[in-house]
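Everything below concerns the one structure shown next.
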Amino acid sequence: MGISRRLLFTAGSGVIGVTILSACSSDSPPSTAGTPQSAAPPSATGPGRWERVDLSFVSAYLLIRGSEAAIVDLGVDGSADAIGKGLTAAGSGFQAVRHVVMTHKHDDHAGGLTGVEPLATGATFYTGQADVTGIQSARALTPLADGDEVFGLRVIGTPGHTAGHISIFDPATGTLVSGDALRTTTDGLTGPDPQYTEDMTTAAASVKKMAALDVKVILPGHGAPLTSNAAASLTRLAASS
C-alpha cells in the first residue's frame, strides 16, 4: 500500500496508519510520513493500526488490532463523541474497545473518562499506579507499572510530569505514545511543559529512558505525531536534558 495524505498524513503499509481525524490546531508543526514495515497483517495479536483523534489542543490515540481496539488518552470532558467518530472512521466502535489507558491524571487526558466509561462497556480502564487516586471514575481503575503489558503494548514508567505518568510503547511497530512526557512544537521535539510538570529532574530522566527504546514513531499528547527521524530527535533531546 502506498502512502496517501489526508490533512497531515497517513503512514501505512497495513501495519501502522496514523490518520488525522479532525483538523489540527494552528500551532502544530508539519510532519513527514514514515513507513514502518511488517510481513504480518493486522490481527488480534500482531501489529495493528494506530489512528490519531485530534481534539484541538490534545490528542487521543486508537489502536485497531483485528476485531479489537484500545484507546490511549481521552482528552477533556466531552470528548467521547469525537473519539466515537474516530473509532467509526477506523472501521471499529466502542463495542470493540477492550482497553482504555490514560497516561496520567490531568483533565486534558483523563477528563473524557466520564463520557467514555458508559460507552466502552467491555473495556478495562488503566492508569499509572501513582495517579489512580487522582482520577474520578465510576469503576475501579487498574493500576499499571513499568514493564506491564496491555494488548501487546509495553508500559513504560515515565514519571515527572506527574508521579504516575506512563507512556505506551508498541514494540511491533516502534510506536511510542508519550502522553505529556514528550511534546512536538514549532521548535521540534521537547520534554513536558515545566509549567504543568511536578518534577522536571525526574521528567528528564524519563526522556533518557525513552531514548533507549527502538522508537520509530512518536505520538505525543500535544503537537503533531513525529514519524520522521523520531529516534534521532529523541536521542538529541535526551542528550540535552
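The values are calculated or read from the model by the stated rules, or taken from the named source; none is laboratory data. Keep in mind it's a predicted model, so treat the numbers as computed, not measured. Positions of Cβ are backbone-derived with ideal geometry, glycine not excepted, and every protein chain shown enters the neighbour counts.
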Out of curiosity, is Leu74 among the aliphatic types (A, V, I, L, M), crowded, with 16+ Cβ neighbours inside 10 Å, within 26 Å of Glu117 (Cβ to Cβ) and at pLDDT 95 or above?
yes
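Confirm whether Thr114 is farther than 18 Å from Val58 by Cβ and of a type in the set (Ser, Thr, Tyr).
Working: farther than 18 Å from Val58 by Cβ: no; of a type in the set (Ser, Thr, Tyr): yes.
No; evaluated as a whole, the condition is false for this residue.
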If I filter the stretch 79-95 for residues that are more than 28 Å from Asp193 (Cβ to Cβ), crowded, with 21+ Cβ neighbours inside 10 Å, of a type in the set (Val, Ile, Thr) and touching a Gly at 6+ places or on another chain (Cβ under 8 Å), do I get at least one hit?
no
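Condition test on Thr114, is it polar (S, T, N, Q), surrounded by fewer than 22 Cβ atoms within 10 Å (Cβ to Cβ), without any contact (Cβ under 8 Å) to a residue 60 or more places away in the chain and not in a loop (DSSP other than H, G, I, E, B)?
Details: polar (S, T, N, Q): yes; surrounded by fewer than 22 Cβ atoms within 10 Å (Cβ to Cβ): yes; without any contact (Cβ under 8 Å) to a residue 60 or more places away in the chain: yes; not in a loop (DSSP other than H, G, I, E, B): yes.
When the stated conditions are applied, Thr114 passes them.
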Of all residues in the stretch 178-190, which are assigned to a loop (DSSP other than H, G, I, E, B) and either over 15 Å from the mean Cα position of the chain (by Cα) or among the basic types (Lys, Arg) (or both)?
Thr186, Asp187
Which one of these is in contact with a Ser or Thr (Cβ under 8 Å, 6 or more places away or on another chain) and surrounded by fewer than 20 Cβ atoms within 10 Å (Cβ to Cβ): Gly188, Gly160, Gly164?
Gly188
Just checking, does the stretch 124-143 include any residue being of a type in the set (Ser, Thr, Tyr), modelled with pLDDT of 95 or more, out of contact with any strand residue (DSSP E or B) (no Cβ under 8 Å at 6 or more places or on another chain) and farther than 22 Å from Ile218 by Cα?
yes
Take the residues in the stretch 207-230 that are surrounded by fewer than 17 Cβ atoms within 10 Å (Cβ to Cβ) and among the small types (Gly, Ala, Ser); name whichever of them is farthest from Leu62 (Cα to Cα).
Ala212
Looking at the stretch 121-132 only, could you name the residues that are surrounded by fewer than 22 Cβ atoms within 10 Å (Cβ to Cβ) and closer than 16 Å to His161 by Cα?
Gln129, Ala130, Val132
Go through the stretch 147-177 residue by residue and tally those that are part of a loop (DSSP other than H, G, I, E, B) and in contact with a helix residue (DSSP H, G or I) (Cβ under 9 Å, 6 or more places away or on another chain).
9
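Please specify each residue of the stretch 53-63 satisfying the condition of being closer than 19 Å to Ala123 by Cα and in contact (Cβ under 8 Å) with a residue 40 or more places away in the chain.
If we filter the stretch 53-63 for residues that are closer than 19 Å to Ala123 by Cα, which is where we start, we get 53, 60-63.
Selection gives Ala60, Tyr61, Leu63.
Answer with yes or no whether Val101 is out of contact with any Lys or Arg (no Cβ under 8 Å at 6 or more places or on another chain), surrounded by 19 or more Cβ atoms within 10 Å (Cβ to Cβ) and over 15 Å from Glu117 (Cβ atoms).
On the way: out of contact with any Lys or Arg (no Cβ under 8 Å at 6 or more places or on another chain): yes; surrounded by 19 or more Cβ atoms within 10 Å (Cβ to Cβ): yes; over 15 Å from Glu117 (Cβ atoms): no.
The answer is no for Val101.
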